[in-house]
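Visitor: Okay, handing you the structure first.
Read-outs: derived from the displayed coordinates by stated rules, not from any lab. These numbers were taken from a predicted model, which means no experiment stands behind them. Please note: Cβ atoms are built from the backbone with ideal geometry, for glycine as well, and neighbour counts cover all protein chains shown.
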Amino acid sequence: MRAIILIASLALVFGFISRNDPAPRIYRVQSPEIDECSGMASSRLNRDLLYTVNDSGGQSIVYALDTQGNLRHRIALRGTQNRDWEGLAIGPGPRSNTSYIYVGEIGDNSARYGEIYVYRFAEPNLSQADSLVSVDTVDTLSIVFEDGPRDAEALMVDPKTRDIVIISKREASVGVYLIPYPQSTQSVNTARKVATLPLSWVTSCDISPNGRTILVKTYTNVYKFKRGRNQSLSQAFGGKLKALPYELEPQGEAICFSSSGRGRYTLSERAQGKDLHLYFYRRN
């Protein structure tokens, strides 16, 4: 009986997944270079392109896939290293009417790094670009958590405020941390805890282009928060979670909205000896 009550309570909190939800579209990612994906973002400048990165020990490269999972471009970030790239986001930044890509050097399995980093650069126009593009101008944002080092993989940028948001990974109830705009490139930025979520093992997050819907992904589930027109992000995270359809992946650490906001993509690390797949879910 206690188990039934618990399941019913969770259903009330997290919402229901309908059996009538449409099945996702599934595309094979053939490039062997894409193997330890952690983080994904949908381009604002280049039609039908998705960005992703490989995590610890990978090259300092942002990979651009088309929406069928084919590798189209590699964006090399000069002057950076991949200690443990775990998050990826896209959003506004210092220059108006310019989209920026944010790469989160935020992985810290042992919670031992005094500082983490977010690399920020203007999104390049790839419509006429070669398969390899080098970016020389990259902002390095040094960050410390106000309550000490911790592991994180989820990164997003509020399109309304240009604030950077990091969600921690491993706690029984993870923390939501905010680095307010403008972020300094000269001194260390402090990530302030603004909310706590009743989730653990959070691996990715994203916010819709209009800033009204937030996705949070764990290894086993995807959840949605709605944001009121005049709500702050911390207020939105205090609202009700709704569970969304999700096909379990080998080690799913990437989610993003489509550029239109009418759907979402997920991507996993590649399981040994298995094909890697890009999933697309229509908005529901």
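Visitor: Report the net charge of residues surrounding residue 66, where surrounding means a beta-carbon distance below 15 angstrom and charges are Lys +1, Arg +1, Asp -1, Glu -1. Walk me through the intermediate numbers first.
Guide: Details: positive: 25, 28, 47, 72, 74; negative: 33, 48.
With Lys, Arg at +1 and Asp, Glu at -1, the net is +3.
Visitor: Find how many whole Å separate the alpha carbon centroid of region 121-178 from the alpha carbon centroid of region 206-284.
Guide: Here the two parts' Cα centres lie 16 Å apart.
Visitor: Hey, another quick one. Which percent of Cα pairs goes in each bin when the distances of the chain are cut into 10 angstrom slices starting at zero?
Guide: 7, 31, 38, 20, 4, 1, 0
Visitor: Another question, then. Based only on the alpha carbon positions, what is the Kirkwood hydrodynamic radius of region 24-139, in angstrom? All intermediate terms of the calculation are to be shown ahead of the outcome.
Guide: Details: mean 1/r = 0.0687 Å⁻¹.
By the Kirkwood definition, the hydrodynamic radius is 14.6 Å.
Visitor: Same structure, new question: Place a +1 charge on the Cβ of each Lys and Arg in the chain and a -1 charge on the Cβ of each Asp and Glu, then give the dipole magnitude about the Cα centre in debye, rounded to the nearest 20. Please list the in-between numbers first.
Guide: Working: 34 positive and 29 negative charges, 276 e Å.
Roughly 1320 debye, rounded to the nearest 20.
Visitor: Please state the relative contact order of the chain as a whole percent: Cα pairs under 8 Å, 6+ residues apart?
Guide: On the way: 741 pairs, mean separation 52.2, N = 284.
Rounded, it is 18 percent for the chain.
Visitor: OK, next. First select every other residue whose beta carbon is under 10 angstrom from the beta carbon of residue 214; then total the charges, Lys and Arg +1, Asp and Glu -1.
Guide: Working: positive: 212, 224, 226, 227; negative: 158, 206.
Surrounding charge for residue 214 is +2.
Visitor: Given 0.36 nm per residue, what is the gain on full extension from residue 251 to residue 132 after removing their alpha carbon distance, in nm? Please report the intermediate quantities before stating the final value.
Guide: Working: separation 119, 0.36 × 119 = 42.84 nm, distance 2.75 nm.
Contour length minus Cα-Cα distance gives 40.1 nm.
Visitor: Would you calculate the separation in nanometres between label points at residue 196 and residue 66, each defined as 7 Å from the Cα along the Cα-to-beta-carbon direction?
Guide: For the pair residue 196/residue 66, the computed spacing is 4.8 nm.
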